[in-house]
Each structure stands twice: as structure tokens, then as C-alpha cells.
Amino acid sequence: QSTLTVKDLHVSIDGKEILKGVNLEIKGGEFHAVMGPNGTGKSTLSSAIMGHPKYEVTQGTITLDGEDVLEMEVDERARAGLFLGMQYPSEITGVTNAEFLRSAVNARREEGDEISLMKFIRQMDSNMDILEMDQDMAQRYLNEGFSGGEKKRNEILQLMTIKPKIAILDEIDSGLDIDALKVVSQGINQMRDENFGCLIITHYQRLLDYITPDHVHVMMQGRVVKSGGPELAHRLEAEGYDWIKQELGIED
Ligand code: ADP
Ligand code: MG
Ligand code: MG
């Protein structure tokens, strides 16, 4: 069972402090949701964990099972078992989706223990069925001409096939129609396992109607200001964020 620990994380962009001391712990078997108004640093948190060079960690630590994530290159983070949704958003010409996926799966396995082609194809096919994806998506070049919805489905296909220890999914629901949202949620729910932990970042409660988080965190002004269970997300849906601001004496 893995643990991703974020301690007192401070992150700056171009010298401006965006994250001001974030604390979070995500364990295998747990689904966490991070919610919060626009511009409070949710995506910055995701980008910092991913290792985006623009996001400068000025204070605090990120560890995966005690290993210093901040010391790792981006590809090392993936090999260590972190899955960061927006890691491969761009088109990579000349690499098919299936080829990319297989190399990502093998990157996490020991040399000499690569997945057999048959086994890989079987797993990929069954995951594509769950996600209601056309089989020809496997032979398309990665992300080339994928629609917004296809990219999101494909991201979840990557998640299901790579089977990371911990995943950070930022706004996986944005731009999805309700049918696609259900299918994508089904894929994520299928991952529920004590060896898999997930941080779902979302602006809307909607996604959480399909994926029930064990823990809900609210971010405001660069910090996690409140944590609770699924009922917290429902209260936010009904009442917005004002009551939290009042509780904490935060001004807009
Ligand atoms: P959220 O995901 O919660 O909406 P973000 O993390 O995207 O918030 O943004 C937090 C703040 O950091 C915002 O003020 C935003 O303008 C700023 N910011 C985020 N990314 C960048 C960037 N690449 N360059 C400059 N400012 C950024
Ligand atoms: Mg934003
Ligand atoms: Mg965001």
C-alpha cells in the first residue's frame, strides 16, 4: 500500500507564491477529492506534483513511500508509480496509442519482465470496452486529432492499463457530456483497489455523483482550508463556498 505525502508545500510561479503550505496524504485504497473556487491553486498543486518546470517549489516536501518525489525527473515520477493526468496531453507524431501505452506499462516493470504482447492487448481491449472506446483508437497516433472527450477517455485508458500507485486527475470532467462522464467515472471506479489511491481535482460536485470520494478537501487561496467526507462536497454543491469563507474569516 502506497502513500503520497505532501507537507507544507509552497509553490511559486514567476516569483509569485501560489501555494502557501499545502498538506495532504493519499494512501492506496483511498479516493480524495480536492475542490475549490477558480484560481485557488488546484491545478498548481497537480503541476507541482507532476514536476512541471514552471512551478517552483520553495518550501515543503512531496514523498511517495518515503522517497523524495521532488528529486525525481518527470519520467522517474511516472516510473515510481505516480500518474499525472496531463502528463502526455500533446500529440506525439508517429507513435500509436497502443505502442505508447505498452511502453508506459513496460517502463514500470523490471527489465526482462515486460508484459507479453498478447496479455497487453487483452488488457487494453477489455479496458477499451469498459470505456466504450472504438477499437481503432488503439491504432491512431497518440492524441492526434482526438476530440476533447476522446482525450479524456484515453487518459483513463492509460490510467487503467498502466495501473499506477497514485493518480492525480485534474478536471477530468471538464468538457465531457453526461454519457462520457458516466463512462469515465466507471473506469475510475473500476480502479478501486487497496493498491491504488487517487486525487481527483474538480471544480464541480457533478463528478462526485459518480465517483464517491472517501475524503473531500477544500482549497482556498493556496491552502487546504477544510477537509471532510463526501457530505462536504454535497454541502458545497448546495451552499457554495461562502460559508467556509465566513467560518475562516477569509475576504475575497
Ligand atoms: P485552479 O486550478 O484552482 O483554478 P490554478 O492553480 O490554475 O488554480 O491557478 C492559481 C493561480 O496561479 C492563479 O492566479 C493563476 O493565474 C496562477 N497561475 C497558474 N498557472 C500559471 C502559469 N503557468 N503562469 C502564470 N500564472 C499561473
Ligand atoms: Mg484554473
Ligand atoms: Mg485548475
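A few points about this structure:
- Average Cα contact separation per residue, the chain, under 8 Å, 6 or more apart, as relative contact order %: 29 percent
- Radius 9 Å from Cβ of Val105, net charge of other residues (Lys, Arg +1; Asp, Glu -1): +3
- Low-density loop positions, GluC sites (Glu not before Pro), the range 196-251 - DSSP coil, at most 15 other Cβ in 10 Å: Glu251
- Among Gly112, Gly94, Gly229: highest mean-square fluctuation, GNM of the chain, C-alpha pairs under 10 Å: Gly112
- Here the relative contact order of the range 55-194, from alpha carbon pairs under 8 Å that lie six or more residues apart, stands at 32 percent.
- Whole-number D in µm²/s for the chain (Stokes-Einstein; Kirkwood sum over Cα pairs; 37 °C, 0.692 mPa s): 175 µm²/s
- Reachable lysines from Lys7, criterion Cα separation under 28 angstrom, eight or more residues apart if same chain: Lys16, Lys20, Lys27, Lys42, Lys54, Lys163, Lys165, Lys226, Lys245
- Additional length obtainable on full extension of the chain from Ser116 to Thr63, 0.36 nm per residue less Cα span: 15.9 nm
- Cα-projected label distance for Ile250 with Gln139, points at 7 Å along beta-carbon direction, nm: 5.1 nm
- Ordered by the number of other Cβ atoms lying within 10 Å of each residue's own Cβ, fewest first, Arg153, Arg192 fall into the sequence Arg192, Arg153.
- The range 63-153: GluC sites (Glu not before Pro) in DSSP coil with no more than 10 other Cβ atoms inside 10 Å: Glu73, Glu110, Glu111
- Euclidean distance between Cα centres, the range 98-136 to the range 184-231, Å: 26 Å
- Spin-label model distance (nm) - His203 vs Asp129, 7 Å beyond Cα toward Cβ: 3.7 nm
- Relative protection proxy for 217-226, 8-17, from highest mean packing down: 217-226, 8-17 (other beta-carbon atoms within 10 angstrom).
- Helical runs (DSSP H, four residues minimum) scored at -39500 (n - 2.57) apiece and divided by the length of the chain put the mean residue ellipticity at 222 nm at -10000 deg cm²/dmol.
- Ordering His32, His52 from the fewest to the most neighbouring beta carbons within 10 Å gives His52, His32.
- Residue exposure proxy: Lys152, Lys165, Lys182, Lys54, ordered by other Cβ atoms within 10 angstrom of their Cβ from fewest to most, comes out as Lys54, Lys182, Lys165, Lys152.
- Comparing Leu236, Leu64, Leu84 in a Gaussian network model of the chain where C-alpha atoms under 10 Å apart are linked, the largest mean-square fluctuation is found at Leu236.
- Of all the options Leu176, Leu142, Leu157, the one that moves most in a Gaussian network model of the chain with Cα springs shorter than 10 angstrom is Leu176.
- Per the Debye calculation on the range 45-133 with a single equal scatterer at every Cα and no solvent contribution, log₁₀ I(q)/I(0) for q = 0.25, 0.26 Å⁻¹ amounts to -1.30, -1.34.
Here, each number is a calculation from the coordinates, and none is a lab measurement. None of these values were measured; they are calculated from a predicted model. Cβ atoms come from the backbone with ideal geometry, glycine included; neighbour counts cover every protein chain shown.
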